[in-house]
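The values are calculated or read from the model by the stated rules, or taken from the named source; none is laboratory data. Here the structure is a predicted model, which is why all the values come from computation and not from measurement. For neighbour counting, all protein chains shown are included, and Cβ atoms are generated from backbone atoms with ideal geometry for every residue, glycine included. Heavy atoms of the whole protein, side chains included, go into the accessibility calculation; ligands, DNA and RNA do not. Shrake-Rupley method; radii C 1.70, N 1.55, O 1.52, S 1.80 Å.
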Amino acid sequence: MSTTRTGFSSRLGFVAAAAGSAVGLGNIWKFPYETADNGGGAFFLIYLLCIFLIGFPVMVGEISLGRHTRSNPYGAYLKTGNKNWALVGILGVACGFMILSFYNVIAGWAFGYFLKISFGDLLNEADFGAFFGSYVGQIGELFFFSLAFMAITAFVVMRGVQKGIESAAKILMPVLLAILLGLIIYALTLPGSWEGVEYYLKPDFSKLNLDVINSAMGHAFFSLSLGMGALITYGSYIGKQDNITSSAAIVTVADTGVAFLAGMLLLPLMFAMDLEAAQGPSLIFVVLPKAFAEMGPIVGKVVGGSFFLLVCVAALTSTISLLEVPVSYFVDERKWSRGKSVSVVAAVIFLIGIPSMMSQGFSPALSGGEEGIINYGGKTQDFLTLVADAFSEVSLPLGGLLMSLFVAFRWKTANLSDEISKGNPSYKGSTLEKFINIAISYVCPIILGFIFISNLLEKFFGFSFMH
Ligand code: PHE
């Protein structure tokens, strides 16, 4: 199947871009807290098991499907399956729209913090909790910051796979690693920081239960950018001589490594500065700024500014991949030019993100709480959480479940093996082949089916297996 589709110039280019997609906000604000809170080293072991049993095989499946069909997710299912299976591709394209709509809002918050810490006087605030509340509760500045972030993302994607996505990843990933390592070295020299390392990693097996394991599995999946065809799309741009299994292994290790390192930065910093651990947005937007402020005006600006630059860089390589999924759909299937696709898709996603932007206090109706009008799972919720629940917590495991079933029982593992062995001649007959075939046919569908059902029940029907 020869097409004029241009792709990554080298395997390194693909690995950098795919690792860039995987390393994102999830690695920085979710993984460290989840680990520390759910049994440290014990949680990490479970997480590694999830990565190995479901993350890696699904990633190999997605990349192979993409390379075989040279298509966006919709086209990939259509070419190897039929119109009904292509709906799974449509679900992936829809996830690209919806996940990017709120992810870009959060990236915009981080972008604003980067500017306000580096060039403004944010660190002089007296109460960072109150500051963050009013920051996300207005719309003027946020509109501008998110628009700027979307524009940067669109600019990169507009330049194409090689000149845009690949070049950006090749610059941004080393920058990310350098900032992260620099900050870790600084954090570990602060007195008291090693207690944070101990708190982060000390294994406590008594904390493990079904809920914790479920969230480790769900997070592993999100963190590797699986379930919506981001890697089908990137896989469609790689060469036949590339070794898919080893590329997927490198991406998996890189993502897990960065998540691990983010914890080696955050927990030592919090312990050295005597701050309480917190989760999600308040961890990086409320707790850490306190630490930066205590470092004094100059060091605080440098360390705090670098930290938010790190968050922006991590988010940017992910927003690029989220945007590329719907863009590739319109380019392949609707024959739009790349320029038109990027402009239209980015603009529409930005608009879909506006209610999320307004849902953190600006619009009481959209913000959950007493005046909230969005009600599901037994309580009112804000709009951003609704979109995240529906499209990342529920739809990604569903997409992964359907992808595994599709590869195993419709496309067939023999075809998967054929595709993989093109860049890996010793693959057929290897233990790795047996492992991937069993994982994708049985382990992944069962586990992803479980995550899908339990997240659906828990998020939307207020039912939990643990209570
Ligand atoms: N993996 C990214 C993160 O951890 C998020 C993401 C999900 C990106 C799905 C692309 C596709 O933040």
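How about the stretch 207-238: which of its residues are more than 14 Å from the ligand (Cβ to nearest atom) and either at pLDDT 95 or above or aromatic (Phe, Trp, Tyr) (or both)? The answer is SER236, TYR237, ILE238.
Filtered by the rule that a residue be within 21 Å of the chain's Cα centre (by Cα) and acidic (Asp, Glu), the stretch 319-359 gives a lone residue, GLU324. Of the numbered criteria (1) within 17 Å of MET357 (Cβ to Cβ); (2) within 13 Å of the ligand (Cβ to nearest atom), the one PHE111 fails is (2).
Of the helices (runs of 4 or more DSSP H) that lie entirely inside the stretch 1-59, those containing 1 or more residues that are under 25 Å from THR80 (Cα atoms) and within 13 Å of the ligand (Cβ to nearest atom) span 11-22. Only one entry of LEU176, LEU181, LEU188 meets the criterion of being open to solvent by less than 30 Å² (accessible area, probe 1.4 Å) and modelled with pLDDT of 95 or more, and that entry is LEU176. Pairs meeting the criteria (first residue in the stretch 74-85 and of a type outside the set (S, T, N, Q), second residue assigned to a loop (DSSP other than H, G, I, E, B), beta carbons under 8 Å, at least 6 apart or on different chains) are ALA76/GLY229; ALA76/SER236; TYR77/TRP85; LEU78/SER71; LEU78/TRP85; LYS79/SER71.
Can you pull out the helices (runs of 4 or more DSSP H) entirely within the stretch 65-141 that have at least 1 residues that are closer than 21 Å to PHE222 by Cβ? Before you say what the answer is, go through the steps one by one.
On the way: elements: 73-80, 86-118, 128-136.
Passing ranges, in order: 73-80, 86-118.
GLU166 meets each of the listed conditions (1) of a type outside the set (Gly, Ala, Ser); (2) away from the ligand (no atom under 16 Å from the Cβ); (3) assigned to a loop (DSSP other than H, G, I, E, B); (4) within 30 Å of TYR427 (Cα to Cα) apart from (3). Within the stretch 21-46, residues that are in contact (Cβ under 8 Å) with a residue 12 or more places away in the chain and β-branched (Val, Ile, Thr) reach partners that are more than 8 Å from the ligand (Cβ to nearest atom) and part of a helix (DSSP H, G or I) with beta carbons closer than 6 Å, at six or more positions or on different chains, in the pairs VAL23/VAL258; ILE28/ALA262; ILE28/VAL311; THR35/PHE43; THR35/PHE44; THR35/GLY263; ILE46/ILE213; ILE46/ALA216.
Looking only at the stretch 270-284, which residues are assigned to a helix (DSSP H, G or I) and either among the charged types (D, E, K, R) or closer than 16 Å to LEU25 by Cβ (or both)?
Step one: filter the stretch 270-284 for residues assigned to a helix (DSSP H, G or I), giving 270-272, 280-284.
Those that are assigned to a helix (DSSP H, G or I) and either among the charged types (D, E, K, R) or closer than 16 Å to LEU25 by Cβ (or both): GLY280, PRO281, SER282, LEU283, ILE284.
Take the residues in the stretch 57-92 that are among the β-branched types (Val, Ile, Thr) and open to solvent by 10 Å² or more (accessible area, probe 1.4 Å), then tell me which one is farthest from LEU405 (Cα to Cα). Before you say what the answer is, go through the steps one by one.
From the stretch 57-92, those among the β-branched types (Val, Ile, Thr) are 58, 60, 63, 69, 80, 88, 90; that's our starting set.
In the following step, the residues that additionally are open to solvent by 10 Å² or more (accessible area, probe 1.4 Å) were identified as 80, 88, 90.
Details: THR80: 13, VAL88: 11, ILE90: 16 Å.
Applying the filter and picking the extreme gives ILE90.
Picking from ASP255, ASP242, which residue would you name as being touching a Lys or Arg at 6+ places or on another chain (Cβ under 9 Å) and acidic (Asp, Glu)? It would help to see each step written out before you state the result.
On the way: ASP255 fails: touching a Lys or Arg at 6+ places or on another chain (Cβ under 9 Å).
Only one candidate qualifies: ASP242.
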